[in-house]
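Written out below as structure tokens is the structure these notes cover.
The values are calculated or read from the model by the stated rules, or taken from the named source; none is laboratory data. These figures come from a predicted structure and were not determined experimentally. For neighbour counting, all protein chains shown are included, and Cβ atoms are generated from backbone atoms with ideal geometry for every residue, glycine included. We work out accessible area using only protein heavy atoms, side chains counted, and drop any ligands, DNA or RNA first. Shrake-Rupley method; radii C 1.70, N 1.55, O 1.52, S 1.80 Å.
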Number of protein chains: 2
Amino acid sequence: MKTIILAGGSGTRLWPLSRDNFPKQFLKLKNMDKSIFQMSFERCLKLTGLDEIYIITNINYKFWVLGQIEELGYKFNEGHILVEPSGKNTLPAIYYAIVEIHKSGADIVAVFPSDHLIEDDDELTRVIKQGEQLAGDYIITFGVHPGTPHTGYGYIRPKEPLTIGYAVEEFKEKPDLQTAQVYVEKGYLWNSGMFMFKTDVFIEEVRQHCPEVYNAFQLSDINEVYNKTISISIDYGIMEKSGRAAVIPVDIKWSDLGSFDAFYEEFPGDENGNIAFHEVTLINSDNNLLYTDQDKAVAVIGAEDLIVVDEKDALLICKKGYSEKVKDVVNKLKSNNDPRADFHLTTYRPWGSYTILEEGFFYKIKRISVLPGKKLSLQLHHHRSEHWVVVKGTAKVTVNSSVNFVCSGESTFVKSGYKHRLENPGKVLLEVIEVQLGEYLEEDDIIRFHDDFGRAETDDARSDLSSSYVKKLLLPEIKTKQLELTSSFDASCT
Amino acid sequence: MKTIILAGGSGTRLWPLSRDNFPKQFLKLKNMDKSIFQMSFERCLKLTGLDEIYIITNINYKFWVLGQIEELGYKFNEGHILVEPSGKNTLPAIYYAIVEIHKSGADIVAVFPSDHLIEDDDELTRVIKQGEQLAGDYIITFGVHPGTPHTGYGYIRPKEPLTIGYAVEEFKEKPDLQTAQVYVEKGYLWNSGMFMFKTDVFIEEVRQHCPEVYNAFQLSDINEVYNKTISISIDYGIMEKSGRAAVIPVDIKWSDLGSFDAFYEEFPGDENGNIAFHEVTLINSDNNLLYTDQDKAVAVIGAEDLIVVDEKDALLICKKGYSEKVKDVVNKLKSNNDPRADFHLTTYRPWGSYTILEEGFFYKIKRISVLPGKKLSLQLHHHRSEHWVVVKGTAKVTVNSSVNFVCSGESTFVKSGYKHRLENPGKVLLEVIEVQLGEYLEEDDIIRFHDDFGRAETDDARSDLSSSYVKKLLLPEIKTKQLELTSSFDASCT
């Protein structure tokens, strides 16, 4: 048996928590020490070994996937991370992995979204293992017993029972409340988006019901495949058409976190129905979700049914029941080319991460965290100098031909035009406060000479897509003074 | 004629905009280029010359007063800033100034709060000048024609007309709505807290009606005076008892900004009644006040009648009609010794200001702004080193016996235990990003050797009261590594 994790989904319905550059699967919720992706990954490990897991994602999320698996303590086979050239909905994504897996022969495969919250892993894996016996003949979907007549989920209507589960009579779109109540009474199940089948059965179903996808994947180049394939979901492309659809009920606590209203339902409130993750002063306030910064003093007075999400660069206040409109906010930001639609202040890189702390006129301050043993690319900036103060760990700093070690409490800097490299030679996290100065501080002022992660040869604009979070500085009409930098490179570790 | 500005009031009813260390009079509202104090000061200048203005405040606000007057372009006589040793309500504050003014002979005095918003300065000063003729015989208060039956203000019931204005029949406490409606119908006036009288008349009234205050001020030492005097308002101590109370109506747009509900009324809303000062995404939302950070993406969905005040270190969400409860929030923070009750992230000093940008484990980042020609004290820290990156202007940096100029784009640092001084020798603002490192980063790790502002000799804990905004670091149980710093002092301006 193999497992597939779908980790390429973008989505902004939980903006500003999730953004295009940081979808919800990679989010660590405030009360959890693992991300939703990490929990999905560990769930797969209950079904299969590390080498039996395949992950579908895109190039922007690949380092998230790798980093979050590494953080769990696993060394993952990069060949099992399949990178889609573009997003074409779930059917091509799943089929891409199925074709890969099938190359080594027919096998049973379980497919999981990476962005759903599931509390009962053991019950789910027990049911999946039991269901394996159906996988030779059926395309199995798992149907969650509805806890409530939820209007945010699709429903599955079961037909006659099989040895386990049921044949599927019909898939139902998200209903209104009244219809949902009828569905629940009649024993319909929530459509969870989890599947199981044998690769050869699935390939045959795709050939038969979705030849556009099947034919595209006959091409050898994956870019051409994705240029050619249509964009289509597995539900619409296969499940609703196949005569082999089966549903196995599972009795688990499950949520797709598809909106803040769904998000709200996942946490227990206090006696007034308020949900907070840090100390908040609440007066005459009921049934609010307060997802706020732990470093901030937050007070709520006389408010009811609010969802408040406060991040350093964005604030959302949304009345319960209105969270479908969050996507309109994101669309508006996107139409204004506002980077906060897509990016957080923290950007993750293969070597670690950086967070923008402050942007001023001609300067920018970042906190840079470099993982043990990792190094940034050997690079050069034409328009900015960089001052580095090491606040944790030890940095190995190369500037042109000189190499120095800069320890915690020491500082150094790099003139514009100098080749330089920042590296963490140690065993603990390296933290550096960087003050950039110059008349142009965008991330695209970078020339890479050597990079551990293959970025020197790639198109910089693309590999740096995630770092363009910066407001364009309005250059004044006066000729700016060329910044003169003096050398103060004299650091030596004792 | 003389004018007195009462600028010692603290108050947290507009928290988190105003805090104990930064009361609302010094606040520059988002759509105004002057603070409420500055507007009050310029109003006085329409009545009297610069040398006829007296300001009552306390030691913590003195540099605010001086700084904000300097910012208006005036050189103010520091002897006219009377510093109260403690707050004893309005009567002792006013009487302190009256006694000072009366030393040069009897004179007419107009008294103004510094924290009220008035739109019609010219009309007010016209009425005050007209009213001068009553000042020889009456203690005059100015009564604002009520625009609405406001329940947040006290009312004055006029008696028989005088040559101008009326004798006062009675002062009324804040009424309920029904009573307020009756008051408005009967022609009562809002009690504005502005007064005018002759010094000798006032002194005699205080002697007669409030001997506790009169007698205390017979002492020569102001600290003893304030130890002895009772705490009492001018309304309760004099106005309500005096047979000489008169009220002159003024027809002006006036607000005491006594709560966020009052604050709300001061700004025009859009067609849905929403008030915002920066771009905000509003969906299905009406009648909200959004006082938020211009650098933040803010979205409000489905919300009504909310007051939202978002600062970097604090967030308030308050339903209209509940803003009286803001003081309970502040009291709760105070009872937790939370510095955010009292301090902002920006602290103003006689030489300029600093803003805390980030606090981490063993480090802190500040942006320091030094006014042209000003310098910080010559000082020393036992527990921290300081790395300085100049991002604007030129710094003159003294470390032990060496003096260097550090220009924009250059950096330097100061080891712990080294005497140092930061100075702006230039004509433009100096901006420095400071990264502090050490095992103890509180403001009280400072030894001052020389200070332009007399702080070397004073109790440091007191003069530094406003800078104790720091969370105590939880020191780990391990012995911390002593930070070794290398010297990189090699900056020279070209």
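Quick look at the numbers
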item: From A:Gly136, A:Gly152, A:Gly73, residue being more than 24 Å from A:Val225 (Cβ to Cβ) and either of a type in the set (Lys, Arg) or crowded, with 16+ Cβ neighbours inside 10 Å (or both); result: A:Gly152
item: Residue match in the stretch A:325-346 (condition: surrounded by fewer than 23 Cβ atoms within 10 Å (Cβ to Cβ), within 21 Å of A:Glu266 (Cα to Cα) and within 9 Å of chain B (Cβ to nearest Cβ)); result: yes
item: Some residue of the stretch B:116-132 being open to solvent by 40 Å² or more (accessible area, probe 1.4 Å), free of Cβ contacts under 8 Å to residues at least 24 places away in the same chain, out of contact with any Ser or Thr (no Cβ under 6 Å at 6 or more places or on another chain) and under 30 Å from B:Val370 (Cα atoms); result: no
item: Selected residue (only one of B:Val99, B:Val83, B:Val111 is surrounded by 21 or more Cβ atoms within 10 Å (Cβ to Cβ) and either in contact (Cβ under 8 Å) with a residue 12 or more places away in the chain or aliphatic (A, V, I, L, M) (or both)); result: B:Val111
item: Test: residue in the stretch B:272-292 that is under 30 Å from A:Leu357 (Cα atoms), among the acidic types (Asp, Glu), crowded, with 16+ Cβ neighbours inside 10 Å and more than 7 Å from every other protein chain (Cβ to nearest Cβ); result: no
item: Contacts under 7 angstrom Cβ, first residue in the stretch B:42-63 being not assigned by TED's automatic domain parsing to the domain that holds B:Ala97, partner modelled with pLDDT of 95 or more and buried (at least 21 other Cβ atoms within 10 Å of the Cβ), 6 or more apart; result: none
item: Residues that are under 17 Å from the mean Cα position of the chain (by Cα) and of a type in the set (Phe, Trp, Tyr), drawn from the stretch B:58-84; result: B:Tyr61, B:Phe63, B:Trp64
item: Some residue of the stretch A:178-199 being open to solvent by less than 10 Å² (accessible area, probe 1.4 Å), part of a helix (DSSP H, G or I) and in contact with a helix residue (DSSP H, G or I) (Cβ under 6 Å, 6 or more places away or on another chain); result: yes
item: Residue list for the stretch A:401-444, restricted to those being within 10 Å of chain B (Cβ to nearest Cβ), of a type in the set (S, T, N, Q) and open to solvent by 40 Å² or more (accessible area, probe 1.4 Å); result: A:Ser416
item: Qualifying residue in the stretch B:292-309 (condition: over 30 Å from B:Phe453 (Cα atoms), among the acidic types (Asp, Glu) and modelled with pLDDT under 95); result: yes
item: Among the residues listed as A:Ile164, A:Ile156, A:Ile140, the single one being under 28 Å from A:Val99 (Cα atoms), assigned to a loop (DSSP other than H, G, I, E, B) and not assigned by TED's automatic domain parsing to the domain that holds A:Glu266; result: A:Ile164
item: Filtered residue count, the stretch A:293-324, keeping only those that are within 9 Å of chain B (Cβ to nearest Cβ), among the aliphatic types (A, V, I, L, M), farther than 16 Å from B:Ser285 by Cα and touching a helix residue (DSSP H, G or I) at 6+ places or on another chain (Cβ under 8 Å); result: 4
item: Conditions (1) free of Cβ contacts under 8 Å to residues at least 60 places away in the same chain; (2) over 26 Å from the mean Cα position of the chain (by Cα); (3) within 30 Å of B:Val435 (Cα to Cα); number of the one not met by A:Glu304; result: (3)
item: Per-region count, the stretch A:293-324, residues polar (S, T, N, Q) and surrounded by fewer than 23 Cβ atoms within 10 Å (Cβ to Cβ); result: 1
item: Looking only at the stretch B:13-57, and only at residues there that are in a strand (DSSP E or B), modelled with pLDDT of 95 or more and of a type outside the set (Ser, Thr, Tyr), the one that is farthest from the chain's Cα centre (by Cα); result: B:Ile53
item: Matching option when the condition is within 12 Å of another protein chain (Cβ to nearest Cβ), open to solvent by 10 Å² or more (accessible area, probe 1.4 Å) and hydrophobic (A, V, I, L, M, F, W, C), among A:Leu357, A:Leu378; result: A:Leu357
item: Elements of type strands (runs of 3 or more DSSP E) contained in the stretch B:359-455, each with 1 or more residues being hydroxyl-bearing (Ser, Thr, Tyr); result: B:363-370, B:384-392, B:394-399, B:402-407, B:411-414
item: Tally, over the stretch B:135-172, of residues that are touching a Phe, Trp or Tyr at 6+ places or on another chain (Cβ under 8 Å) and free of Cβ contacts under 8 Å to residues at least 24 places away in the same chain; result: 3
